[in-house]
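Just so you know, all these numbers are worked out from the coordinates, no wet-lab data involved. Predicted model, so just to flag it, every value in this text is computed and none were measured. Cβ coordinates were reconstructed from backbone atoms using ideal geometry, including for glycine residues, and neighbour counts include every protein chain displayed.
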Amino acid sequence: MASTTIYRSATRPPRRDTRLERAARSPSDGTSLALDDGRVLTLRPIRIDDADALRRGFSRLTPEQVRLRTFHRQNELTAAAAERLVRIDPETTSAWVAVDADGEIRGEARLHADAIDESGEFGVTVDPSFTERGIGRALMQHLLDEAQRRGLRTIWGDVLADNSAMLDFVKRIGAKREFVRDEPGVIRVTFDVP
């Protein structure tokens with residue numbers, strides 16, 4: 001799973017709701033995120049025992065969502081790939097999941113930090129049946145907070161130009177956008193870390 005979120009604008013301070021502020025202050029064991037339909041998700045760091053849930057979450061993505069996220073077609077997340085994704089190197093990577101009461105992953109976000117150039121690459125994905133509920137924003141806030149903790153100046157992600165949902169999303173939360181030279185159809189979105 002993967003996609004994007006942040007709250008920065010050069011002209012006005014970010015607007016954050018209290019739900020996101022609570023999620024941003026969460027302890028490492030997780031924070032509750034109440035959805036508008038009454039369901040509650042837990043936002044927490046990814047764990048090694050999440051590999052099977054990560055595979056199931058990937059299987060719920062549509063083929064088009066997979067293409068927009070990975071830039072190619074992919075039928076499944078293999079067990080080996082899922083194992084690699086849950087075994088992060090805490091020196092360079094942070095990964096968060098939004099998990100429902102049954103342990104199913106409904107959103108996933110990760111940050112790969114590069115201390116040399118003080119930036120990090122991010123990705124966020126939300127389960128198709130859980131979009132437009134603030135999950136992506138809450139996960140992105142965790143990544144921004146982590147980027148700030150690591151001393152990064154910016155975080156960035158590459159988005160296909162036909163991924164209008166993601167481009168609209170990052171525009172609403174204040175991302176800078178520019179085409180990637182020598183990669184037609186790819187737009188780099190960048191957020192300044194507060």
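Things to note:
- With eigenvalues of the C-alpha gyration tensor scaled by 5 and rooted, the range 18-153, Å: 21, 20, 14
- Förster radius 22 Å - calculated FRET efficiency between PHE179 and ASN75 (Cβ-Cβ, nearest 0.05): 0.15
- Going from the fewest other Cβ atoms within 10 Å to the most, the residues ILE105, ILE187, ILE48, ILE155 appear in the order ILE48, ILE187, ILE105, ILE155.
- With θ taken as phi - 60° and the Karplus curve 6.51 cos²θ - 1.76 cosθ + 1.60 applied, the whole-hertz 3J(HN,Hα) list for the range 158-173 is 8, 10, 5, 4, 8, 8, 5, 4, 5, 5, 5, 4, 5, 5, 4, 9 Hz, x standing for glycine and proline.
- Peptides ranked, highest mean first, by Cβ atoms within 10 Å: ranges 86-93, 122-129: 122-129, 86-93
- Residues whose amide H lies under 5 Å from that of VAL193, counting only those 5 or more places away or on a different chain, are THR154, ILE155; hydrogens are built 1.01 Å from N in the peptide plane.
- Cβ-defined net charge surrounding ARG177, 10 Å radius [Lys, Arg +1; Asp, Glu -1]: +2
- Using Cβ point charges alone (K and R +1, D and E -1), the dipole size of the range 18-153 about the Cα centre works out to roughly 180 debye.
- Residue exposure proxy: THR154, THR31, ordered by other Cβ atoms within 10 angstrom of their Cβ from fewest to most, comes out as THR154, THR31.
- Prolate/oblate/rounded call for the range 108-154, Cα gyration tensor, a/c under 1.5 rounded: prolate
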